[in-house]
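Q: Structure below; questions to follow.
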4 protein chains.
Amino acid sequence: MKIIVFHGSTRVNGNTEFLTYQAVPKEKGTHIYLRDYNVLPIIDQRHDEGGFNEVEDHHKGLIDQMLSHDIIVFSTPIYWYSMSGPMKLFIDRWSQILRDPAYVDFRKELSKKHVYLIAVGGDTPMVKGLPLVQQFNYICQFYNMSFEGYVIGKASKPGEITKDTAALKAASMLIK
Amino acid sequence: MKIIVFHGSTRVNGNTEFLTYQAVPKEKGTHIYLRDYNVLPIIDQRHDEGGFNEVEDHHKGLIDQMLSHDIIVFSTPIYWYSMSGPMKLFIDRWSQILRDPAYVDFRKELSKKHVYLIAVGGDTPMVKGLPLVQQFNYICQFYNMSFEGYVIGKASKPGEITKDTAALKAASMLIK
Amino acid sequence: MKIIVFHGSTRVNGNTEFLTYQAVPKEKGTHIYLRDYNVLPIIDQRHDEGGFNEVEDHHKGLIDQMLSHDIIVFSTPIYWYSMSGPMKLFIDRWSQILRDPAYVDFRKELSKKHVYLIAVGGDTPMVKGLPLVQQFNYICQFYNMSFEGYVIGKASKPGEITKDTAALKAASMLIK
Amino acid sequence: MKIIVFHGSTRVNGNTEFLTYQAVPKEKGTHIYLRDYNVLPIIDQRHDEGGFNEVEDHHKGLIDQMLSHDIIVFSTPIYWYSMSGPMKLFIDRWSQILRDPAYVDFRKELSKKHVYLIAVGGDTPMVKGLPLVQQFNYICQFYNMSFEGYVIGKASKPGEITKDTAALKAASMLIK
């Protein structure tokens with residue numbers, strides 16, 4: 001089972017990354033740091049006559065990477081009780097992929113994937129991170145992906161995640 | 001009470017806009033279409049020595065507009081069970097404003113605002129839109145803004161919102 | 001389409017009842033006031049050798065009534081952010097019905113029903129009532145019932161619901 | 001710090017109990033099995049002239065026990081995506097305690113408590129148990145109790161919880 005991790009953090013070596021490495025060590029699996037790629041916001045052209053315009057950015061390359069793995073880990077700091085902007089931009093554009101003739105099997109391919117979520121927040125994330133979990137669950141449902149589990153960590157300042165020993169332990173046991 | 005509406009849709013005259021005009025007619029209040037502005041994703045530099053770099057885009061102008069009104073309406077299509085990317089980018093950057101010496105009263109100013117949410121989705125939004133409502137509630141809590149109400153509409157194809165008569169009625173009664 | 005309403009309130013002519021009558025007038029449909037019936041808490045004997053003991057109370061009569069209608073409306077005051085105790089007792093016992101040889105088609109029969117929820121609370125119910133909505137949604141999913149809609153009203157003191165004009169209007173438009 | 005556990009399960013030695021003993025061993029703390037007590041459903045008489053009638057059952061004794069401890073653990077199987085009926089009955093009656101002259105400090109006393117939740121369900125509890133978590137969070141907010149954490153386990157058949165090693169580990173680390 002090949003693992004790919006999408007890191008949504010905009011800060012290098014942040015708390016979310018640290019927690020994620022407990023689940024998927026750096027040297028294991030494919031680690032994609034979305035901050036290193038250019039992904040433009042979707043423009044909803046689903047109902048335009050000509051459909052979506054081609055977009056010149058890194059999105060399709062990331063999609064191809066995703067599709068070539070079996071397990072997808074979404075790792076995001078909690079920004080305003082939701083996933084980070086870069087991760088939102090990445091996922092929003094899936095609507096465009098769904099209409100792309102080059103990806104007619106997108107939905108079917110995704111239905112074979114196992115998905116995990118790792119999220120870290122500073123403001124009572126064990127409760128206020130739950131809508132984020134529910135959203136990922138709905139995304140998985142839409143594509144019939146198997147949502148296998150999640151870990152929520154609590155941290156705000158750099159390094160603080162090391163104090164959340166329960167989250168670290170849970171992350172180390174996350175991927176089955 | 002001055003009203004400002006932030007439209008998160010990337011499609012002109014879409015369902016979300018239509019529903020929103022039932023609450024705040026086009027000629028009433030200030031309507032901001034986020035798709036017409038350039039707002040870059042936040043780069044989390046909260047913990048950098050020098051703090052945040054200045055960003056050359058429209059964000060501060062939008063913040064100034066927001067602060068000069070009493071009622072804020074967030075109007076967003078539901079993209080993957082959450083707010084649209086452009087709206088997420090707009091709100092993510094509030095973290096930067098919070099550290100900006102030019103906006104020391106940002107939190108205090110926001111605490112005087114009344115907030116409404118209008119969201120439209122195609123996939124059982126009455127249930128799957130609820131995490132989005134909960135997130136906006138947490139955002140309001142953080143800033144001590146008063147979350148006055150929300151309307152969720154159901155629509156996917158252009159014009160379909162006109163069939164959701166309950167949502168249209170609710171929107172027309174939303175702002176107190 | 002025959003309508004049955006299960007009223008979970010323990011107070012006669014309370015706010016929840018008032019709101020519910022906007023959706024289903026007293027003289028229309030079958031109104032069951034759970035407070036007038038004796039329903040004992042479930043004792044989980046799913047894994048007992050002999051299965052469940054027979055229980056002498058009104059539960060089966062209520063189930064029979066429910067099954068003979070097409071539309072089920074659950075009307076409950078929000079007690080501690082969830083449905084009322086009497087309604088919880090009523091639904092908990094469905095686990096026993098599921099194992100009852102006299103109700104082998106229980107799940108299949110329920111899958112034909114349309115379900116609505118009407119809930120009234122005093123403590124910011126528009127937000128704090130949402131977990132209750134989500135729970136009813138999961139119940140409907142389990143039985144493959146169609147969860148058609150819900151209305152949340154705000155009221156605490158007797159009669160206060162009359163001020164929530166938006167909820168009254170929404171209730172009057174609820175049943176399609 | 002004195003610990004009390006309220007067990008909501010109606011089955012002796014069930015999965016929820018097993019998981020709970022990882023957090024609070026049987027010989028440690030006070031274990032209350034609600035199934036062994038008689039607690040009647042609340043009748044909402046908050047707005048009756050004479051207030052609530054006295055109720056002859058075990059409720060006040062349980063409240064007294066609760067108040068004499070510092071840490072409260074609510075342990076419940078997930079019945080229809082919510083707490084068990086016996087636990088709901090127990091908590092519903094707090095509304096009566098709030099109006100009882102013998103408990104004028106009820107709210108203030110509870111505000112000193114630390115609360116944990118342990119829940120076990122069979123139907124994707126990691127997601128479908130979240131509304132239950134949110135409800136407990138709201139209950140804690142109401143009383144200004146500190147909601148310290150929760151563990152959700154997955155199990156349906158007797159003994160199955162032993163396979164959820166992540167939940168067992170999390171429970172063992174739950175109480176700080």
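Q: Looking only at region C:123-132, count every residue that is surrounded by fewer than 18 Cβ atoms within 10 Å (Cβ to Cβ) and not charged (D, E, K, R) and tell me the total. Let's see the steps before the verdict.
A: First, the residues of region C:123-132 that are surrounded by fewer than 18 Cβ atoms within 10 Å (Cβ to Cβ): C:123-124.
Keeping just the survivors that are not charged (D, E, K, R) gives C:124.
The number of residues fulfilling the criteria is 1.
Q: Let me ask another. Tell me the helices (runs of 4 or more DSSP H) entirely within region D:77-138 that contain at least 3 residues that are under 22 Å from C:F136 (Cβ atoms).
A: Values: elements: D:85-92, D:94-97, D:106-110, D:125-128.
The qualifying helices (runs of 4 or more DSSP H) are D:85-92, D:125-128.
Q: Could you tell me whether any residue of region B:73-80 is within 22 Å of B:A23 (Cα to Cα), free of Cβ contacts under 8 Å to residues at least 24 places away in the same chain, touching a Lys or Arg at 6+ places or on another chain (Cβ under 9 Å) and within 14 Å of chain A (Cβ to nearest Cβ)? Step through it out loud before you land on a result.
A: Narrowing region B:73-80 to residues within 22 Å of B:A23 (Cα to Cα): B:73-79.
With the extra rule that they be free of Cβ contacts under 8 Å to residues at least 24 places away in the same chain, the set shrinks to B:79.
Pick out the ones that are also touching a Lys or Arg at 6+ places or on another chain (Cβ under 9 Å) and you get B:79.
Still in the running and within 14 Å of chain A (Cβ to nearest Cβ): B:79.
Yes, region B:73-80 contains at least one residue that is within 22 Å of B:A23 (Cα to Cα), free of Cβ contacts under 8 Å to residues at least 24 places away in the same chain, touching a Lys or Arg at 6+ places or on another chain (Cβ under 9 Å) and within 14 Å of chain A (Cβ to nearest Cβ).
Q: While we're looking at this one, here's another question. Tell me, yes or no, whether region A:48-57 has at least one residue that is of a type in the set (F, W, Y) and within 12 Å of chain B (Cβ to nearest Cβ).
A: Step one: list which residues in region A:48-57 are of a type in the set (F, W, Y), which gives A:52.
The next check asks that each one be within 12 Å of chain B (Cβ to nearest Cβ); those that pass are A:52.
For region A:48-57, residues of a type in the set (F, W, Y) and within 12 Å of chain B (Cβ to nearest Cβ): present.
Here's the yes/no breakdown for (1) of a type in the set (V, I, T); (2) at pLDDT 95 or above:
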position	(1), (2)
D:L62	no, yes
D:I71	yes, yes
D:Y81	no, yes
D:G85	no, no
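Q: Hey, another quick one. Just the residues that are in contact (Cβ under 8 Å) with a residue 60 or more places away in the chain and either of a type in the set (G, A, S) or within 14 Å of chain B (Cβ to nearest Cβ) (or both), please, taken from region A:129-151.
A: Correct list: A:F136, A:M145.
Q: I'd like to check something: does region B:84-92 contain any residue that is facing chain A (nearest Cβ under 9 Å), buried (at least 16 other Cβ atoms within 10 Å of the Cβ) and hydroxyl-bearing (S, T, Y)?
A: Here is the first cut: in region B:84-92, the residues facing chain A (nearest Cβ under 9 Å) are B:84-86, B:88-89, B:91-92.
Subset that is buried (at least 16 other Cβ atoms within 10 Å of the Cβ): B:84-86, B:88-89, B:91-92.
Narrowing the set further to residues that are hydroxyl-bearing (S, T, Y) leaves B:84.
Within region B:84-92, one or more residues are facing chain A (nearest Cβ under 9 Å), buried (at least 16 other Cβ atoms within 10 Å of the Cβ) and hydroxyl-bearing (S, T, Y).
Q: Based on this model, can you work out whether D:L67 counts as at pLDDT 95 or above, touching a helix residue (DSSP H, G or I) at 6+ places or on another chain (Cβ under 6 Å) and more than 14 Å from chain C (Cβ to nearest Cβ)?
A: On the way: at pLDDT 95 or above: yes; touching a helix residue (DSSP H, G or I) at 6+ places or on another chain (Cβ under 6 Å): yes; more than 14 Å from chain C (Cβ to nearest Cβ): yes.
Yes, satisfied.
Q: For region C:55-77, which residues satisfy the criterion of being under 22 Å from C:K26 (Cβ atoms) and β-branched (V, I, T)?
A: Those that are under 22 Å from C:K26 (Cβ atoms) and β-branched (V, I, T): C:I71, C:I72, C:V73, C:T76.
Q: Another question, if that's okay. Looking at D:E27 and the list (1) over 28 Å from C:H7 (Cβ atoms); (2) surrounded by fewer than 18 Cβ atoms within 10 Å (Cβ to Cβ); (3) within 16 Å of the chain's Cα centre (by Cα), which single condition is not satisfied?
A: (3)
Q: In this structure, does C:F90 turn out to be closer than 23 Å to C:A171 by Cα, touching a residue at least 12 places away in the same chain (Cβ under 8 Å) and under 16 Å from the mean Cα position of the chain (by Cα)?
A: Values: closer than 23 Å to C:A171 by Cα: no; touching a residue at least 12 places away in the same chain (Cβ under 8 Å): yes; under 16 Å from the mean Cα position of the chain (by Cα): yes.
For C:F90, the condition - closer than 23 Å to C:A171 by Cα, touching a residue at least 12 places away in the same chain (Cβ under 8 Å) and under 16 Å from the mean Cα position of the chain (by Cα) - is not met.
Q: When A:K157 is evaluated against the numbered criteria (1) without any contact (Cβ under 8 Å) to a residue 40 or more places away in the chain; (2) more than 9 Å from chain B (Cβ to nearest Cβ); (3) part of a loop (DSSP other than H, G, I, E, B), which criterion, by number, is the only one it fails?
A: A:K157 satisfies all of (1) without any contact (Cβ under 8 Å) to a residue 40 or more places away in the chain; (2) more than 9 Å from chain B (Cβ to nearest Cβ); (3) part of a loop (DSSP other than H, G, I, E, B) except (2).
Q: Within region A:30-41, work out how many residues are in a loop (DSSP other than H, G, I, E, B) and surrounded by fewer than 14 Cβ atoms within 10 Å (Cβ to Cβ).
A: 1
Q: So, one more: Are any residues in region B:70-106 within 30 Å of A:L98 (Cα to Cα) and among the polar types (S, T, N, Q), and if so, which ones?
A: B:S75, B:T76, B:S82, B:S84
Q: Further question on the same structure: Name the residue, out of D:S82, D:S95, D:S68, D:S146, that is of a type in the set (S, T, Y) and closer than 24 Å to D:N15 by Cβ.
A: Working: D:S95 fails: closer than 24 Å to D:N15 by Cβ; D:S68 fails: closer than 24 Å to D:N15 by Cβ; D:S146 fails: closer than 24 Å to D:N15 by Cβ.
Going through D:S82, D:S95, D:S68, D:S146 in turn, the sole match is D:S82.
Q: Say whether the condition of being aliphatic (A, V, I, L, M) and over 28 Å from B:T162 (Cα atoms) is met by at least one residue in region B:28-36.
A: no
Q: Considering each residue of region C:102-120, count those that are within 15 Å of the chain's Cα centre (by Cα) and of a type outside the set (S, T, Y), and give that number. Don't jump to the end; show me each part of the working.
A: Of region C:102-120, the ones within 15 Å of the chain's Cα centre (by Cα) are C:110, C:113-120.
Now drop any that are not of a type outside the set (S, T, Y), which leaves C:110, C:113-115, C:117-120.
Number satisfying all stated conditions: 8.
Q: Name, by its number, the condition in (1) part of a loop (DSSP other than H, G, I, E, B); (2) in contact with a Gly (Cβ under 8 Å, 6 or more places away or on another chain) that does not hold for B:E27.
A: So B:E27 meets the others, but not (2).
Q: If only one of A:D57, A:D44 is assigned to a loop (DSSP other than H, G, I, E, B), within 29 Å of B:D44 (Cβ to Cβ), touching a residue at least 40 places away in the same chain (Cβ under 8 Å) and of a type in the set (D, E), which one is it?
A: Values: A:D57 fails: touching a residue at least 40 places away in the same chain (Cβ under 8 Å).
Every option except A:D44 fails the conditions.
Q: Still on this model: Taking the options C:K169, C:K128, C:K176, C:K157, name whichever one is charged (D, E, K, R), within 18 Å of C:M83 (Cβ to Cβ) and more than 15 Å from the chain's Cα centre (by Cα).
A: Numbers: C:K169 fails: within 18 Å of C:M83 (Cβ to Cβ); C:K176 fails: within 18 Å of C:M83 (Cβ to Cβ); C:K157 fails: within 18 Å of C:M83 (Cβ to Cβ).
Checking each option against the conditions leaves just C:K128.
Q: While we're looking at this one, here's another question. Applying the selection to region D:144-176, what residues are of a type in the set (G, A, S), farther than 15 Å from A:A167 by Cβ and surrounded by 18 or more Cβ atoms within 10 Å (Cβ to Cβ)?
A: So in region D:144-176, the residues of a type in the set (G, A, S) come out as D:146, D:149, D:153, D:155-156, D:159, D:166-167, D:170-172.
Of the ones still in play, those that are also farther than 15 Å from A:A167 by Cβ are D:146, D:153, D:155-156, D:159.
Matches in region D:144-176: D:G153, D:A155.
Q: Among the residues of region D:64-75 satisfying the criterion of being in contact with a His (Cβ under 8 Å, 6 or more places away or on another chain) and outside any loop (DSSP other than H, G, I, E, B), which is surrounded by the fewest Cβ atoms within 10 Å (Cβ to Cβ)? It would help to see each step written out before you state the result.
A: Step one: list which residues in region D:64-75 are in contact with a His (Cβ under 8 Å, 6 or more places away or on another chain), which gives D:70-72, D:75.
Next, from what is left, pick out any that are outside any loop (DSSP other than H, G, I, E, B): D:71-72, D:75.
Numbers: D:I71: 19, D:I72: 21, D:S75: 30.
Taking the candidates together, the pick is D:I71.
Q: Does region B:162-176 hold any residues that are modelled with pLDDT of 95 or more and either outside any helix (DSSP H, G or I) or more than 18 Å from B:V127 (Cβ to Cβ) (or both), and which are they?
A: To start, the set of residues in region B:162-176 that are modelled with pLDDT of 95 or more comprises B:162-175.
Correct list: B:T162, B:K163, B:D164, B:T165, B:L168, B:K169, B:A171, B:S172, B:M173, B:L174, B:I175.
The values are calculated or read from the model by the stated rules, or taken from the named source; none is laboratory data. As the structure is a prediction and not an experimental result, all values here were calculated from the model. Note that each Cβ is placed from the backbone with ideal geometry, even for glycine, and that neighbours are counted across all protein chains shown.
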